[in-house]
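One structure is given here, and the rest of the page talks about it.
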Amino acid sequence: MNNMAYILKDSKQIGLFILLSIACWLFIELAGVVIADKTMQIDEQLVLLFREPFDLSDPIGPKWVEELMRDITALGGVGILVMVTLIATTFLLLSGQKKAALLVLLGIATGMVLSFSLKYGFSRPRPDLVPHGSYVYTSSFPSGHAMMSSLVYFTVGEMLAQQQSKRKLKTFFYSVAAVFTISIGLSRVYLGVHYPTDVLAGWLVGCSWALLIYFIYRGIKLRRNRIKL
């Protein structure tokens, strides 16, 4: 029975490593076609889907939907993500998991540096088809909101899931992270501040970085278990 559990757990790690490799490869391929300007037509069409056809300054839906999208997009802003990171780090410290707390802090901090570096490197202009529904200060590719929200919420979700023994609770934390990440990414396109490919690239890099943090965290746990033995 123990051998079967070990095999299943090991298979999970292999599956996640394959997923990480695929995500990295997809980002490289996506970046290539974006640099070659091969996605602009479909990007623009998808941005316009979120606008009234006779008034591009008006996003589709009633005004409360537009306000809701601003609220959702704020969940991926620097201020909120920093607070979430500090809360998660404090929780881990209070739980006696100093190495995990340091890993979360360093992992998210380096992810933020990577986000700004990629934006500076690609320097893709923001969409100018429609008025922006949110203030923007950096370039477009990849989406910082999409990347950092996926990194922060999946990393925090993983750390919280590790504290649970019930599968339902683990699934709950992962589901919340996924809902937050997807909603924030869609809100960036709805508000006209990003192309869909910006958001997709952000998701790919953010999830990849979160997976790297997970593998390092698992390595720390395995090493600690060996020391106890």
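The values are calculated or read from the model by the stated rules, or taken from the named source; none is laboratory data. Predicted model only: the values in this text are computed from it and were never measured. Please note: Cβ atoms are built from the backbone with ideal geometry, for glycine as well, and neighbour counts cover all protein chains shown. Note: areas computed on protein heavy atoms with side chains; ligands, DNA, RNA excluded. Shrake-Rupley method; radii C 1.70, N 1.55, O 1.52, S 1.80 Å.
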(message) If you average the C-alpha positions of region 13-32 and of region 114-152 separately, how far apart do those two centres end up, in angstrom?
(response) 21
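Cα-Cα pairs above 18 Å in region 8-64: how many percent? It would help to have the intermediate numbers written out before the result.
Details: 977 of 1596 pairs.
Percentage above 18 Å: 61.
Give the relative contact order (percent, whole number) for the chain; include only Cα pairs under 8 Å separated by 6+ residues.
Values: 263 pairs, mean separation 63.5, N = 229.
Normalised by residue count, the contact order of the chain is 28 percent.
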(request) Express the accessible area of region 103-158 per residue in Å², computed with a 1.4 Å probe while the remaining protein chains stay in the model. (result) 43
(request) In Å and from the alpha-carbon atoms only, list the Rg and Dmax of region 48-109. (result) 18.7, 58
(request) For TYR195, tell me the accessible area in Å² from a 1.4 Å probe, rounded to the nearest 10. (result) 10
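So how many Å³ per residue does the convex hull of the Cα atoms of region 164-205 work out to? Walk me through the numbers before you get to the answer.
Values: hull volume 2.7 nm³, N = 42.
Convex hull of Cα atoms, per residue: 64 Å³.
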(message) Tell me the accessible surface of SER149 in square angstrom (1.4 angstrom probe, heavy atoms of protein chains only), to the nearest ten.
(response) 0
(request) Between GLY133, GLY144, GLY61, find the one with the highest GNM mean-square fluctuation for the chain; connect C-alpha pairs within less than 10 Å. (result) GLY61
(request) Take the Cα of LYS12, step 7 Å along the line toward its Cβ, and report every residue of region 139-183 whose backbone nitrogen sits under 19 Å from that point. (result) 154-178
(request) Just reorder LEU94, LEU114, LEU102, LEU68 by solvent-accessible area, largest first, 1.4 Å probe, all chains present. (result) LEU94, LEU102, LEU68, LEU114
(message) Out of the trypsin sites (Lys or Arg not before Pro) in region 9-62, which ones are loop residues according to DSSP with at most 15 other C-beta atoms within 10 Å?
(response) LYS38
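Suppose R0 equals 25 Å; then what is the FRET efficiency for PHE215 and VAL113 from their Cβ-Cβ distance, rounded to the nearest 0.05? List each step's numbers first, then the result.
Numbers: r = 19 Å, r/R0 = 0.78.
For R0 = 25 Å, the calculated efficiency reads 0.80.
As an exercise, use a Förster radius of 25 Å and the Cβ-Cβ distance of LYS98 and GLN164 to find the FRET efficiency, rounded to the nearest 0.05. Can you show the working numbers first?
Details: r = 20 Å, r/R0 = 0.82.
Approximately 0.75, to the nearest 0.05.
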(request) Calculate what fraction, in whole %, of the accessible area of the chain sits on carbon and sulfur atoms when a 1.4 Å probe is rolled over the protein chains. (result) 70
(message) Keeping all protein chains in the complex and leaving out DNA, RNA and ligands, what accessible area do you get for VAL84 with a 1.4 Å probe, in Å² to the nearest 10?
(response) 40
(request) Could you please put ASP71, ASP43, ASP55, ASP128 in sequence from largest to smallest accessible area, using a 1.4 Å probe? (result) ASP128, ASP71, ASP55, ASP43
(request) Can you tell me the equivalent ellipsoid semi-axes for region 7-135? Use √(5λ) from the Cα gyration tensor, largest first, whole Å. (result) 34, 23, 16
(request) Evaluate Rg over Rh across region 135-229, taking Cα atoms for both radii and Kirkwood's formula for Rh. (result) 1.10
(request) DSSP loop (so not H, G, I, E, B), at most 11 other Cβ within 10 Å: list which trypsin sites (Lys or Arg not before Pro) in region 123-210 pass both filters. (result) LYS166
